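The values are calculated or read from the model by the stated rules, or taken from the named source; none is laboratory data. What you see is a predicted model; the values in this text were computed from it and never measured. Cβ placement follows ideal geometry from the backbone for every residue including glycine, while neighbour counts extend to all protein chains displayed. When the accessible area is computed, the model is the full protein with side chains, heavy atoms only, and any ligands, DNA or RNA have been set aside. Shrake-Rupley method; radii C 1.70, N 1.55, O 1.52, S 1.80 Å.
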Amino acid sequence: MAEPAGTLTLDEAAARRLLLVQAIETADVHGRILHGAERERIEEEAWRAAPESARYLQERARRVLDLVTPRESRIAALEQAHAAQPMLTWLLPLAGFCFGAALDRIGNPQHVNMLSPPLLLFLAWNIAVYVALAAAPLLHRSRSDPPPTAGFLGRWIARWPHEGQRVRGSLRSSIAATFRMLWWRVAGQVETWRLQQVLHASAAAWALGVAVSIVVGGLVREYRVGWESTLLDLPQVHAFLRALFAPVVALLPLDGFTVADLERMHFRSGVQVARAEARHWVALYVGLLFIVVMLPRAALAFYARWRARRAAHRIVVDLRDPYFVTVLSRVGVRCLAQFLLQAARDAEEVKTAPFSVRRLISSSERDANLQAREEAMAALLQRVEQGLGATMGEIAQLHGREPPAAASTAVSRDFIVHDPVDAPQAGVAGAAAGVAAGALAGAKVDLLSGGLTMGAATLLGALIGGTGALTAARWMNRTSPQGKSMVQLGDEMLAALTADALLAYAGLTHVLPATARELATTLVASDPERYAPLWARARQGDGDDVAADLTDRLQADLAELKSRLEAASAPILYG
């Protein structure tokens with residue numbers, strides 16, 4: 001059976017673990033139990049171990065509780081159901097049986113009225129319960145709705161604080177109260193079926209206790225059974241008792257009371273009622289309790305138990321809850337930040353010789369260099385686009401959504417080119433320039449000195465020019481790995497790539513309008529200085545710090561983009 005979009009179906013143990021972690025993070029707003037750095041480390045490790053949303057959330061919850069358990073064992077103990085819960089499933093029915101058996105419903109055995117209100121009310125109450133259960137499907141059309149007997153619980157729970165609203169008290173009590181609130185909202189159906197199981201079993205046990213009380217009372221006392229009424233006549237009493245005992249007469253080898261029997265059993269008839277009539281009444285009444293109360297209630301208890309076990313293996317958690325959207329977005333945006341940082345650092349080698357004098361004078365050398373540079377740029381763009389597609393596929397899998405359709409990256413031609421210089425040739429060219437400059441300077445000196453310098457200025461100029469050009473070439477080559485010509489994405493291209501990435505992320509949760517790309521581009525380009533220092537730090541090899549800063553920046557811009565999309569009437573799919 002396929003899961004509804006934006007939901008996660010878990011068994012009871014996994015659901016309790018997940019919701020307990022939600023309660024801890026919701027109540028512990030100051031990070032007293034789980035610190036921010038610890039959470040980030042856990043999220044990174046959990047995402048690497050399980051990149052899919054269902055497995056990631058469970059892996060994350062397991063790691064959080066492994067960390068919390070040594071610190072707060074009482075809080076971690078909430079992961080398990082209360083130890084008293086299994087005991088209640090048989091203690092309460094046992095108490096019902098004892099109460100039914102101990103309650104003396106026949107106060108005067110010498111005057112047992114077949115129209116006794118307590119006995120009739122006990123039957124009427126059970127019949128009313130069956131009528132309510134039969135009418136429930138008409139009132140609750142959705143099969144996922146909890147049973148109607150939980151209505152009062154639902155109204156009570158509805159008055160509890162909403163998600164994100166802290167429960168007052170100590171941190172432990174706040175976490176416990178928040179967990180109970182979250183658990184009842186998610187698994188209220190399971191607990192309601194369990195409650196119904198206990199109630200039905202207790203009612204059946206109570207009826208058994210009443211039957212035992214009547215039978216045991218008949219062993220030590222002699223019942224005088226009859227009837228009397230101010231408002232009912234004999235025909236009416238006969239019709240009533242005939243309808244009352246109809247199930248017993250139909251299913252058991254027993255006969256009902258005749259009109260003559262009832263006429264003789266009237267307390268004012270003056271006829272002594274024999275023990276046979278009393279035994280007959282006991283048999284009819286015990287049979288009625290068995291058919292009308294014990295058997296149906298036991299069947300309902302077993303049915304409720306089956307439904308509870310079945311529901312406990314299919315607890316549906318809504319991933320559109322703001323808490324889960326935030327948790328998944330946090331790791332998703334971190335994944336997006338890692339991709340953008342890698343794109344900022346990425347470089348493609350230009351398959352050409354370093355810059356030289358030959359390139360300046362040879363058109364074929366220049367054309368070959370331009371062609372190689374275009375090929376390097378295209379290869380870099382293709383790799384970045386593939387990286388964006390793979391990253392968005394991972395993020396979509398994390399959110400349990402279909403990967404977005406591949407789209408061409410809308411980028412400018414803003415490349416950074418690291419073009420090294422051929423050092424020996426630069427030295428030759430510098431020497432030539434130095435010779436020319438030295439000759440000119442030497443001529444001036446010769447004119448002033450009357451030729452006594454003998455051209456020494458010319459030689460000195462050549463030496464200085466050649467050495468300076470050689471040094472400059474080697475210094476320029478330091479910016480290009482191994483002295484190779486490389487291309488990288490410029491800031492404008494990274495800004496466009498960031499806008500495309502945010503747009504693709506928003507497309508997982510919203511139906512994108514025609515103006516979506518313009519909204520994303522405008523948002524990122526509104527203040528270029530927000531991102532430019534981050535790209536510079538990334539190219540310089542800054543690690544965790546720039547990743548954290550870029551993640552925060554992307555998180556804020558993604559939230560702003562979603563807000564603008566909603567303002568543009570973009571339908572929300574998820575989140």
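Per the listing GLU59, GLU43, the residue uniquely open to solvent by less than 50 Å² (accessible area, probe 1.4 Å), without any contact (Cβ under 8 Å) to a residue 40 or more places away in the chain and either among the polar types (S, T, N, Q) or touching a helix residue (DSSP H, G or I) at 6+ places or on another chain (Cβ under 6 Å) (or both) is GLU59. The set of residues from segment 292-335 being β-branched (Val, Ile, Thr), assigned to a helix (DSSP H, G or I) and in contact (Cβ under 8 Å) with a residue 24 or more places away in the chain comprises VAL292, VAL293, VAL325, VAL327, VAL331, VAL333. Considering segment 289-344, and only residues there that are over 29 Å from the mean Cα position of the chain (by Cα) and among the small types (Gly, Ala, Ser), the residue that is farthest from GLY188 (Cα to Cα) turns out to be ALA344.
Just one of the listed residues (LEU34, LEU19) is closer than 17 Å to GLU72 by Cβ, open to solvent by 10 Å² or more (accessible area, probe 1.4 Å) and either without any contact (Cβ under 8 Å) to a residue 60 or more places away in the chain or within 17 Å of the chain's Cα centre (by Cα) (or both), namely LEU34. Pairing each residue of segment 508-533 that is more than 17 Å from LEU550 (Cβ to Cβ) and free of Cβ contacts under 8 Å to residues at least 60 places away in the same chain with any residue that is open to solvent by less than 60 Å² (accessible area, probe 1.4 Å) and part of a loop (DSSP other than H, G, I, E, B), provided the two are 6+ apart or on different chains, yields C-beta distances under 6 Å for PRO513/ALA568; PRO513/ALA570. Pairs meeting the criteria (first residue in segment 383-406 and in contact (Cβ under 8 Å) with a residue 60 or more places away in the chain, second residue small (Gly, Ala, Ser) and open to solvent by 10 Å² or more (accessible area, probe 1.4 Å), beta carbons under 6 Å, at least 6 apart or on different chains) are MET392/ALA504; PRO404/ALA504; PRO404/GLY507. Candidates in segment 485-507 are the residues that are under 27 Å from the mean Cα position of the chain (by Cα) and open to solvent by 10 Å² or more (accessible area, probe 1.4 Å); of these, the one that is farthest from VAL325 (Cα to Cα) is ASP500.
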